[in-house]
Structures are given as structure tokens and as C-alpha cells.
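Working notes, beginning with the structure itself.
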Amino acid sequence: MAARKSTSRSKATKPKSSVSKDQLLDWYRDMLLIRRFEEKAGQLYGMGLIAGFCHLYIGQEAVVVGVQGALEEGDQVITGYRDHGHMLATGMEADGVMAELTGRAGGYSKGKGGSMHMFSRDKQFFGGHGIVGAQVPIGAGLAFADKYKENGKISATYFGDGAANQGQVYETFNMAKLWDLPVLFIIENNQYAMGTSVQRASSETHLYKRGISFGIPGEEVDGMDVVAVYEAAKKAADHARAGKGPYILEMKTYRYRGHSMSDPAKYRTRDEVNSYRDTKDPIELAKAKILDAGWADEDTLKGFDKEAKTIAAASADFAQDSPEPDPSELWTDVLVEG
Amino acid sequence: MPVMNMIQALNSGMDVLLERDEDVVAFGEDAGYFGGVFKTTDGLQAKYGADRVFDTPINEAAIAAMAIGMAARGLKPIAEIQFADYIFPAIDQIVSEMSRIRYRSAGQFTSGCVVRTPWGGGIRGGQTHSMSPEAFFTHVPGVQVVVPSNPYDAKGLLIASLESGDPVIFFEPKRIYNGPFDGVPDKPLSSWAKHPKGEVPDGHYTVPLGKADIVREGEACTVVTYGTLVHVAEAAAEASGIDAEIIDLRTLVPYDIETIAKSVNKTGRVVVAHEAPRTSGFGAELAAQIQEECFYALEAPVFRLTGWDTPYPHAHEWAYFPTRDRFARAMKTVTEAA
């Protein structure tokens, strides 16, 4: 593995893995659930049951699962529009997420949001935002409230390599460090902003360095390795929780599918995609670690996969059986009622 | 009862809100230590501390976005945009995020906050310190738009706005901060001390959103306006001797069509007036709604008295601004129409 890249001057040493059997098995199952859920969503899209836009998270599962492992109850999560994985990772029910994708009354936002726009107060998940980068200052606003209330909570604010070039992000970096807000800026660098590669869009392609002029530490992380993600996120979360302010984590990751369901992804080679699938797949990497450590056997892992497929299939049934929202719902929740 | 100008009344309103609820915070460019460019937040940081009343960097987008995140997490933010002309960098956040959090989370989260901003012309501010951009926001479902015209209403509407639980864009007519303006450019400044609405109670009270105020009853024609022009209309009625009924809208979203329709059905003649340019201005909405509600009562075409379709001018300010004399001519036109 390459040397850890960090903006910190202190010698970066790889911490000893503190990951337990239960943690890794949980993460393996969480990643599998996201993978199987997204595959099912892709199927429903192909069948015309999901309308509009649908951005799948397949390939990036280790990022959100590893970060979630470092969060505590009551911490908040906010992200952009490739968001189904984040919802499942925060513990939102597959049924409610899939039903939102199909625009049904049983969806988390009663069908008012769709794929890119759903929320859960129960899980402190703040969306689901379709405007690239717009969620970043909102994430800092959430963190402001936590600091103000001195409740020890932090905000995990996700955005992509494309959003990393939005001006609002730098307004946010400045405020977040100026006020030492407890926020993790997690850049999911899947290397393509829709069809434009990082190299074609960014003067500085090492996105973890983007906080240097604000005094925000940054670190590059192997986003295909759930353990590496967890360890980096834990360190960053401890930093934020200790009142030291924001932290940037650049997760080097890859999406296997196109930007959305309608993108054939002709801006990259089949070999490039296959090299990730074959040698860097986050689920296969975790599986190898589990088998190496002797924490489970093949049959047990197959059982997990079956379980994930069952949940995904059930969510698809729920999402098709859930009723269409009542026409009157068009008018509700615009402003406070009565 | 204390006599206050509009700045003092708004300051008193924020004081009441901050005093009553620890979740209220106020912030903006120069809003903390300096007390605001117009001194509207003067003394509040000293009284409530820099945790609750504070300066921000010059980042309008992030100011609006921080308010959204804070509100979603339970705070009650009062954000200041230093001039309404500076609000455009924040439009992405206001339009795509602030206005829709309630809807797309199906009521799980709200972004109840007030965005205060000095607004309008008549101060020789030129293109970037004189605009009336209200129509950009009245077109956005999910935000309320308020424009007070006197100290009493300013305080009561400000308190009602924050207590409404939904976002409010609160435009403060800066020409009349220190005294009413009759639309005759060269006359010395009048004082709120001589105006009945300059009497402002110290404590908590509200002026309800969505309720217009008939500031002058009359039979000859109806004038529908808001902000600075309320006073110009009154001066025009007095100078011309035309018995106009003058309606101060106070709230543009939601607006009080009942009061308007009742008056227009009585007079049959109506002038709608604003400082903003004519095309797609809020007057166009009023004219359309008046013809729907009052078509068979109208004795003359609805007259739109507005700024022109030009950038806000410097040297030609008084040719652009709907002055007392232009108002009087408009009233004469509608009352004399056959």
C-alpha cells in the first residue's frame, strides 16, 4: 500500500487495526445490503418502476459504511444525490428508501422527494440534495447547531470530486475553521464528475489538500478499503468531537455504473472499470480479510448475501405495493399547515 | 409609549426574540461587533454574547445555508444580508434548499428562519445598493416575503416571521429607516416621532403575516403597494386631493387578496405600485389576481406604477423612482378613465 498522504506534518504512521470481528462482519453485511439494494433499484429502473434520475452507489460502499462505523448515535449525515447508500448506512429501512424511489406514499418523503431528496428525522439524515455542493454549507450549519448546543455531536458532510470545485465549499471551509465547527468533510472522489474526470476539471487533483489555506487538516484515504476508511474517519471524528474543528477526508473510490442510469459511461475504458471490479472491490476486499482472519467461513458469508438479497427483494415488493400518494399531498408541507 | 425609528424597532424585535429563546441567533456581515452597517443589530452582541450575535465572512451563500442547517437542527436563526442587492449569491440556497426542506422531507425538517435585508431605493445608492428584488422570491413556493413600512409593523412582523416556523425573506425599506418619505426628493427628512406608527411597545407583540393594512380609506380609487411607496401614495392622495384608498400589503407571500378585492370592488379603479422594474414585477401578479377577482367591477385598466425596465440608475434616480407626482398622475389616470 502507498504511503499515507496527509497535510499533517507529523509523520503519518498507520495505526494498528482496532477493528473487531463483529465490526468487520457488520460492515460486510452493510456493504452487501447497499450493493444488492442498488442492483435491485437498477432493475426496477429498467422495468420503468423508478422514474427520472437514479444514481447508483455500487463500487463506493466502503466509504459510507466505514465512516458510519466511526459515528455515534445522534451524529448527523448529509450528502448529495448519490445517496441511497448513505440512507441504508444510517439505518434507514430499505423499504422506505425503495418506496421513495418509486414515488409511493410509503417512501421516506411520501414520494415528494424521490431518489435524490429524502430525509429521516429518526436517523438524523438530512438528505439527499440534488444541487451539486449545496449540501456542504448546510452540513456546516448542522454542525454549528451542535457546537452551540454543546451536545458533542458531529456532522458528516459528504460531497463528490465535482462538488469540490464549487465556490460554496470554500465559503464553508472558511467558516467551519473560523468557528471550529465539528464537521467532517468527506470528499467521495470517484474520479468522475458525471463524464468529466478530475484531471480535466481540477487544477489541484489532490483534493485532500484543498483545506490547507484554511488550516483544515486533510488526508487521502483508500476508499475501497472499509477498514482504512473507518480508521481515518475515527481519527477525524475524534478531532472534530474534541473541539479542534473540521477535517477533510478524500476518499479515493470508484463507481462501477454510469453517473446515472442513463449514462453508458463512454468516457472511460472497460479495462479501467474491470481493474477496480477485479482487484479493488470493497466487498471482496472485506471478504478476504474476514476469511484470512478466520472470522467466518464461505457459507456464512453466502448466508449474509442471501439475507441482503432478501431484504432488497422485499423492499422492491414493498415499493411496488405501497400506494401512490394521495393527490392532496401535492399541496401539503409547502408551509406550516393551518 | 416609546418612540422608535425603524432601526430601533427592528433592534427591539431581535432583542425580544433573543431574550425569550436561547435557540435564537443573529448573524451576518458586520452584524456582530460592528452592530450592522445600518446599526440594526447594535448592542445585541454586547448583551447576548458573541456566541449568539456574531459576524460572518462575506459569504452570502453560506450565510443562507448555515441558517438552513441551524434551523433543521432546532435553532432559530436571524440572518442578515447586508443589502438586498447582495442576496443573489444566496439564491441557490434560498430557492433550492431553504424553501423546500419542509416539502421534500414531508414535514420531518423545516428551515424556519428570517433573512433580513435592507431593500429599495431613494438613497442615491446606484445599481448595487438600491434594488427591490422581491419578485425573485415571491416566485418561490415555500418562502414567505415580508416588507414592512413603519416601525410598529417592522417589529411586529419580524417577531411573527421568526415565530412562523417557515423561512421569511424580510425586506427592510432602508429609505424610511429614519423617517417616512413622501416621494418629494428635495424635502428635508421627516421623523418617525411625528408618525403614529413610530410608537412601538417595548415587549413582545406580533403583526400577523398575510394581513394587509388599509392606511387610508377612500372611494375614488384603490392603491396597492408596500414599503416606502406607502408613504409616497399617502402624500400623493393629499397633494392631489384624490380620495384614494391605500392598502399597505405588508406581506407579499402570502398576500391578502381579500382586502384588495373588497376595496377594488368598491372603487373599481386601482393603481398597483412598486419600485422594482415593471416587467414580471410583483405588480404583474397583483394585476392578474385583481382581474380574476374583480373583473366585472373594474371601471378602468389596472395601472402599474413601477420603476422602469432599466438597471437602477444613479443620476436619473428620481426619473426612475415612483415619486409623489408620478403617483398623483397615476391616480388621476385611473379615476378619470371613462
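Would you list the strands (runs of 3 or more DSSP E) that sit entirely within the range B:226-338 and hold 2 or more residues that are open to solvent by 30 Å² or more (accessible area, probe 1.4 Å)?
Working: elements: B:244-248, B:251-253, B:270-273, B:303-305.
Correct list: B:303-305.
So, in the range A:154-168, of the ones that are in a helix (DSSP H, G or I) and facing chain B (nearest Cβ under 10 Å), which residue ends up most open to solvent (accessible area, probe 1.4 Å)?
For the range A:154-168, the residue satisfying everything is A:GLY167.
Return the residue satisfying two criteria in turn: it lies in the range B:33-45 and is open to solvent by less than 20 Å² (accessible area, probe 1.4 Å) and in contact (Cβ under 8 Å) with a residue 24 or more places away in the chain, and of such residues it is nearest to the other protein chains (Cβ to nearest Cβ). Steps first, please.
Just the residues of the range B:33-45 that are open to solvent by less than 20 Å² (accessible area, probe 1.4 Å), to begin with: B:35-36, B:40-41, B:44.
Right, trim to in contact (Cβ under 8 Å) with a residue 24 or more places away in the chain and you get B:36, B:40-41, B:44.
On the way: B:GLY36: 19, B:THR40: 22, B:THR41: 18, B:LEU44: 16 Å.
The extreme case among them is B:LEU44.
Within the bounds of the range A:244-266, is there any residue that is of a type outside the set (D, E, K, R), out of contact with any Pro (no Cβ under 6 Å at 6 or more places or on another chain), closer than 30 Å to A:GLU39 by Cβ and loosely packed, with under 15 Cβ neighbours inside 10 Å?
The answer is yes, given that some residue of the range A:244-266 is of a type outside the set (D, E, K, R), out of contact with any Pro (no Cβ under 6 Å at 6 or more places or on another chain), closer than 30 Å to A:GLU39 by Cβ and loosely packed, with under 15 Cβ neighbours inside 10 Å.
State whether one or more residues within the range A:118-135 are facing chain B (nearest Cβ under 9 Å), part of a helix (DSSP H, G or I), buried (at least 21 other Cβ atoms within 10 Å of the Cβ) and at pLDDT 95 or above.
Checking the range A:118-135: at least one residue is facing chain B (nearest Cβ under 9 Å), part of a helix (DSSP H, G or I), buried (at least 21 other Cβ atoms within 10 Å of the Cβ) and at pLDDT 95 or above.
Output the residues belonging to the range B:73-112 that are open to solvent by 10 Å² or more (accessible area, probe 1.4 Å), touching a residue at least 24 places away in the same chain (Cβ under 8 Å) and either among the hydrophobic types (A, V, I, L, M, F, W, C) or at the interface with chain A (Cβ under 7 Å from one of its Cβ atoms) (or both).
B:GLY74, B:PHE83, B:PHE88, B:ILE91, B:ASP92, B:VAL95, B:ARG102, B:TYR103
Does A:ILE138 satisfy being surrounded by 24 or more Cβ atoms within 10 Å (Cβ to Cβ) and farther than 22 Å from A:VAL229 by Cβ? Give the derivation first.
On the way: surrounded by 24 or more Cβ atoms within 10 Å (Cβ to Cβ): yes; farther than 22 Å from A:VAL229 by Cβ: yes.
In short, yes.
Consider the range A:81-95. How many of its residues are open to solvent by less than 20 Å² (accessible area, probe 1.4 Å) and touching a Gly at 6+ places or on another chain (Cβ under 6 Å)?
1
If we keep just the residues of the range A:140-153 that are within 12 Å of chain B (Cβ to nearest Cβ) and part of a loop (DSSP other than H, G, I, E, B), which is nearest to A:TYR81 (Cα to Cα)?
Residue satisfying both the conditions and the ranking: A:LYS153.
Residue by residue through the range A:169-180, note down the ones that are part of a loop (DSSP other than H, G, I, E, B) and either facing chain B (nearest Cβ under 10 Å) or open to solvent by less than 20 Å² (accessible area, probe 1.4 Å) (or both). Explain how you work it out, then say what you get.
Filtering the range A:169-180 for residues part of a loop (DSSP other than H, G, I, E, B) gives A:179-180.
Hit for the range A:169-180 is A:TRP179, nothing else.
Output the residues belonging to the range A:84-102 that are within 12 Å of another protein chain (Cβ to nearest Cβ) and in a loop (DSSP other than H, G, I, E, B).
Matches in the range A:84-102: A:MET92 only.
Among the residues of the range B:118-136, are any part of a helix (DSSP H, G or I), in the same structural domain as B:VAL168 (by TED's automatic domain parsing), over 29 Å from B:PRO185 (Cα atoms) and open to solvent by 10 Å² or more (accessible area, probe 1.4 Å)? Break it down into steps so the answer makes sense when it comes.
Quick first cut of the range B:118-136, residues part of a helix (DSSP H, G or I) only: B:134-136.
Filter once more, so that each one left must be in the same structural domain as B:VAL168 (by TED's automatic domain parsing): B:134-136.
Next, only the ones that are over 29 Å from B:PRO185 (Cα atoms) stay: none.
Within the range B:118-136, none of the residues are part of a helix (DSSP H, G or I), in the same structural domain as B:VAL168 (by TED's automatic domain parsing), over 29 Å from B:PRO185 (Cα atoms) and open to solvent by 10 Å² or more (accessible area, probe 1.4 Å).
Could you list all residues from the range B:137-164 that are open to solvent by 10 Å² or more (accessible area, probe 1.4 Å) and in contact with a strand residue (DSSP E or B) (Cβ under 8 Å, 6 or more places away or on another chain)? Step through it out loud before you land on a result.
The first filter runs over the range B:137-164 and keeps only residues open to solvent by 10 Å² or more (accessible area, probe 1.4 Å), leaving B:138-141, B:144, B:152, B:160, B:162-164.
Hits for the range B:137-164 are B:THR138, B:GLN144, B:TYR152, B:LEU162, B:SER164.
Kindly evaluate A:TYR57 against the criterion of being part of a loop (DSSP other than H, G, I, E, B), under 22 Å from A:SER262 (Cβ atoms) and away from chain B (no Cβ under 14 Å). Give the steps one after another, and end with the answer.
Numbers: part of a loop (DSSP other than H, G, I, E, B): yes; under 22 Å from A:SER262 (Cβ atoms): yes; away from chain B (no Cβ under 14 Å): yes.
So A:TYR57 fits the description; yes.
Taking the stated definitions as given, is B:ASP42 touching a Gly at 6+ places or on another chain (Cβ under 7 Å) and not β-branched (Val, Ile, Thr)? Step through it out loud before you land on a result.
Values: touching a Gly at 6+ places or on another chain (Cβ under 7 Å): yes; not β-branched (Val, Ile, Thr): yes.
For B:ASP42, the condition - touching a Gly at 6+ places or on another chain (Cβ under 7 Å) and not β-branched (Val, Ile, Thr) - is met.
Select from the range B:165-208 the residues that are part of a loop (DSSP other than H, G, I, E, B), over 26 Å from B:ALA237 (Cβ atoms) and open to solvent by less than 30 Å² (accessible area, probe 1.4 Å) and list them in ascending order.
Correct list: B:GLY165, B:ASP166, B:PRO167, B:TYR205.
Failed condition for B:TYR48, given (1) within 14 Å of chain A (Cβ to nearest Cβ); (2) in contact with a Lys or Arg (Cβ under 9 Å, 6 or more places away or on another chain); (3) among the aromatic types (Phe, Trp, Tyr), with all others met?
So the condition that B:TYR48 fails would be (2).
Under the condition of being within 14 Å of another protein chain (Cβ to nearest Cβ) and of a type outside the set (D, E, K, R), which residue from the range B:147-165 is farthest from B:GLY112 (Cα to Cα)?
Let us first name the residues in the range B:147-165 that are within 14 Å of another protein chain (Cβ to nearest Cβ), namely B:160-165.
Filter again for of a type outside the set (D, E, K, R), leaving B:160-162, B:164-165.
Details: B:ALA160: 12, B:SER161: 9, B:LEU162: 7, B:SER164: 7, B:GLY165: 4 Å.
Ranking the candidates gives B:ALA160 first.
Would it be correct to say that B:PRO254 is under 25 Å from B:PHE170 (Cα atoms) and in contact with a helix residue (DSSP H, G or I) (Cβ under 8 Å, 6 or more places away or on another chain)?
Working: under 25 Å from B:PHE170 (Cα atoms): yes; in contact with a helix residue (DSSP H, G or I) (Cβ under 8 Å, 6 or more places away or on another chain): no.
Considered against the rule, which asks whether it is under 25 Å from B:PHE170 (Cα atoms) and in contact with a helix residue (DSSP H, G or I) (Cβ under 8 Å, 6 or more places away or on another chain), B:PRO254 comes out as no.
Condition first: out of contact with any strand residue (DSSP E or B) (no Cβ under 9 Å at 6 or more places or on another chain) and at the interface with chain A (Cβ under 8 Å from one of its Cβ atoms). Now tell me which residues in the range B:51-71 satisfy that.
B:PRO57, B:ASN59, B:ALA61, B:ALA62, B:ALA65
Go through the range A:207-243 and count every residue that is surrounded by 16 or more Cβ atoms within 10 Å (Cβ to Cβ) and outside any helix (DSSP H, G or I).
Matching residues across the range A:207-243 total 10.
Tally time: how many residues in the range A:181-204 are open to solvent by 50 Å² or more (accessible area, probe 1.4 Å) and either within 14 Å of chain B (Cβ to nearest Cβ) or not in a helix (DSSP H, G or I) (or both)? Break it down into steps so the answer makes sense when it comes.
Residues of the range A:181-204 open to solvent by 50 Å² or more (accessible area, probe 1.4 Å): A:194, A:196, A:199-201, A:203-204.
When the remaining residues are screened for being either within 14 Å of chain B (Cβ to nearest Cβ) or not in a helix (DSSP H, G or I) (or both), the result is A:194, A:196, A:203-204.
So the count comes out to 4.
Quick check: anything in the range B:49-61 of a type in the set (Phe, Trp, Tyr), over 19 Å from A:GLN135 (Cα atoms) and touching a residue at least 40 places away in the same chain (Cβ under 8 Å)? Steps first, answer last, please.
Going residue by residue through the range B:49-61, those that are of a type in the set (Phe, Trp, Tyr) are B:54.
Then keep just the ones that are over 19 Å from A:GLN135 (Cα atoms); that gives B:54.
With touching a residue at least 40 places away in the same chain (Cβ under 8 Å) added as a condition, the list becomes none.
The answer is no, given that none of the residues of the range B:49-61 is of a type in the set (Phe, Trp, Tyr), over 19 Å from A:GLN135 (Cα atoms) and touching a residue at least 40 places away in the same chain (Cβ under 8 Å).
The values are calculated or read from the model by the stated rules, or taken from the named source; none is laboratory data. Bear in mind that the values here come from a model prediction, so they are computed numbers and not experimental data. Cβ sites come from the backbone with ideal geometry, for glycine too, and all protein chains shown count toward neighbours. The area values use the complete protein model at the heavy-atom level, side chains included, leaving out ligands, DNA and RNA. Shrake-Rupley method; radii C 1.70, N 1.55, O 1.52, S 1.80 Å.
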